[in-house]
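A short write-up of the structure that comes next.
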Amino acid sequence: MRIERPKGTRDFLPDEMERRREIEKVMRQIAESYGYREISTPTFEHLELFTIKSGEGIVEEIYAFKDKGDRDLALRPELTAPVMRMFVNECSVMPRPLRFYYFSNCFRYENPQKGRYREFWQFGVELIGSGSYLADLEVILLAYRILKELGINFELNIGHVGLLRELLKDLSEERVRKIMRFIDKKDFESLERFLEENDLMDYYDDIKTLISMKGRKEVIENAREVLPDFDFGYIESVAMGLERLEVDFNLDFSIVRGLDYYTGVVFEIYAVEGLGAQNQICGGGSYRLTHLFGGGDVPSTGFAIGFDRVAEICSVKSEKAERIVVACTPGMELNALRIAENLREKGLVVYTDVMERGLKKQLSFANTVNARFAVIVAEREYEKGVVLVKDMESGEQREVPKSSILEYFGL
RNA sequence: GCCCGGGUAGGGUAGCGGUCAUCCUCUGGGACUGUGGAUCCCAGGAGCCGGGUUCGAGUCCCGGUCCGGGCCCCA
């Protein structure tokens, strides 16, 4: 009986893994160049960690289960909450700011689509401890640099949830949340209906004005007219900083990121082509979560990149190491192995025959693995102290003394 | 949870009610036993699962499942 992969999961073959590792390497290197260091948290956590900020509703969308001790656990659906939990548990007295990055698989019980899987990978960073605009600037810049380096065609949109919160400050938290939800979904009909039903149409024009603003710094001036008392200094500083750093972006005050815990600048990055409906490849912003997990009120900023989506549209290709096949005639296997070992020690990728096949088949195999050279350890020549080195591209073959094989390969 | 389209060897395909199946690729072996990529030969391997219609089903119908796409959702 044949066992299939569970729905929404994937197998990665060597070619694809090489590509993914290559992309991962770029992300790591850039994050590290900004001083971020890798962390790792458990694959599963107490379910409560994820319901505490998002409500019981999300249990439907995550892999939740009871263990044999009757504990409620869940496979992590994201990393921000676990990282904050870790911070509160063991890093709260470390010198700030803290710069962490992670690359981990996450799990969500959702219907798979293009760029959406039940097991997927996120690469993200958290910059913990700063409430300055400089933190937002750094994090946005980092996300931007990574995607640029990977050659992705994308759009960066930046908003600030403070604006809408200021505009709606006299409404109940419940109503604010609902309105934000509609805005996040860009469901303006429902928004209008909701405002009408709740006798809140006074807000309609201002909301509409705010969320339809898109562009560079100048939209801040327009927003000021709607919210004369709001302090735009912060978002203005971020926008100016990004312009100075030559980061392309749009301000878009309709970005509210659905989540209640975002407090300031929020941003989303969309792929311009190649991903269909699931084209968001990165999301982030400033938030305050630590108090929910028993810590103090620590401002943080972070983002998460949808690794699989990026991998799907990213064109980097892996550089393959040069391969060598050491083939031999019958009886020469162990001599061939010793030669192979010497080459491997010097860092070459060396294949030897484990099928006890004839020389012909061994060379044929060298061909299928795309070997650059074949070293032929043949009995008659070996007795004379030489082996044969064949260039698999030109077909040229020459005798090389056993003792100088390494030199022959420039090692 | 919902809607649409799919599912034939490892990969890509043909047949679309009637001798359990086409071709390509692939894998293994071979064409004087010490030499690759060409050619040729041989071998291997398949109609997602379950039910129904029918004398007879990859081929029609229903359910499930998985894939793709779109909703919902997206912490």
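The values are calculated or read from the model by the stated rules, or taken from the named source; none is laboratory data. Just so you know, these numbers come straight off a predicted model, no measurement behind them. Cβ coordinates were reconstructed from backbone atoms using ideal geometry, including for glycine residues, and neighbour counts include every protein chain displayed. Heads up: the accessible areas ignore ligands, DNA and RNA and are worked out on the full protein's heavy atoms, side chains in. Shrake-Rupley method; radii C 1.70, N 1.55, O 1.52, S 1.80 Å.
Annotations
- Sparse-neighbour loop sites [trypsin sites (Lys or Arg not before Pro); the range A:110-173; at most 11 other C-beta within 10 Å; DSSP]: A:LYS169
- Maximal additional length on extending the A:LYS346-A:GLU166 stretch stands at 58.4 nm, based on 0.36 nm per residue less the C-alpha distance.
- The orientation-averaged projected area of the convex hull spanned by the Cα atoms of the range A:38-151 comes to 9.0 nm².
- Extension gain for A:LEU388 to A:SER237 (0.36 nm times residue separation, less C-alpha to C-alpha distance): 47.6 nm.
- Pairs from A:LYS320/A:LYS346; A:LYS346/A:LYS390; A:LYS178/A:LYS217; A:LYS169/A:LYS217 whose Cα-Cα separation, in the structure shown, is over 21 Å: A:LYS178/A:LYS217; A:LYS169/A:LYS217
- Estimated from helical segments only, the mean residue ellipticity of chain A at 222 nm is -10500 deg cm²/dmol, where each DSSP H run of four or more residues counts as -39500 (n - 2.57).
- Listed residue (A:ILE313, A:SER254, A:HIS160) projecting farthest to the positive dipole end of the range A:14-313, Cβ model: A:ILE313
- Projected label distance in nm at A:GLU61 and A:GLU189, using a 7 Å step from Cα toward the beta-carbon: 2.2 nm
- Solvent-accessible area, 1.4 Å probe, carbon plus sulfur percent, for chain A: 47 percent
- ³J(HN,Hα), Karplus 6.51/-1.76/1.60, whole Hz, each residue of the range A:15-30, x for Gly, Pro: 4, 6, 4, 4, 4, 4, 5, 5, 5, 4, 4, 4, 4, 4, 4, 5
- Straight-line cross-link partners of A:LYS7 among the aspartates and glutamates, defined as a Cα under 18 Å from its Cα and at least 8 positions apart when in the same chain: A:GLU60, A:GLU61, A:GLU110, A:GLU119, A:ASP308.
- Applying the Karplus relation 6.51 cos²θ - 1.76 cosθ + 1.60 with θ = phi - 60° to the range A:178-186 yields 3J(HN,Hα) values of 4, 4, 4, 4, 4, 5, 4, 7, 6 Hz, where x marks Gly and Pro.
- Solvent-accessible surface of the range A:228-359, averaged per residue with a 1.4 angstrom probe and all protein chains in place: 46 square angstrom.
- In order through the range A:294-303: 3J(HN,Hα) via Karplus (6.51 cos²θ - 1.76 cosθ + 1.60), integer Hz, x for Gly, Pro: x, x, x, 8, 10, x, 9, 9, x, 8
- For the range A:323-408, the average shadow cast by the Cα convex hull is 5.0 nm², which is a quarter of the hull's surface.
- Between the beta carbons of A:THR43 and A:LEU411, assuming R0 = 30 Å, the FRET efficiency works out to 0.15 to the nearest 0.05.
- Unit Cα scatterers, Debye sum, the range A:185-245: log10 I(q)/I(0) for q = 0.14, 0.19, 0.27 Å⁻¹: -0.52, -0.79, -1.09
- Under the combined filter of DSSP loop state and at most 13 neighbouring Cβ atoms within 10 Å, the range A:340-393 retains these GluC sites (Glu not before Pro): A:GLU356, A:GLU393.
- Pair A:ASP72, A:MET201: separation of 7 Å Cα→Cβ label points (nm): 4.3 nm
- Shown is the FRET efficiency for A:LEU334 and A:VAL93, computed with R0 = 60 Å from the Cβ-Cβ distance and rounded to the nearest 0.05: 0.55.
- Paramagnetic reach from A:GLN397 in the range A:340-384 [backbone N under 15 Å; point 7 Å along Cα→Cβ]: A:358-367, A:373-382
- Between helix A:333-345 and chain A there is an angle of about 40 degrees, using the helix long axis and the longest principal axis of the Cα atoms.
- Rg then Dmax, both in Å and based on the Cα atoms of chain A: 28.4, 99.
- For the range A:135-219: accessible area per residue (Å², 1.4 Å): 49 Å²
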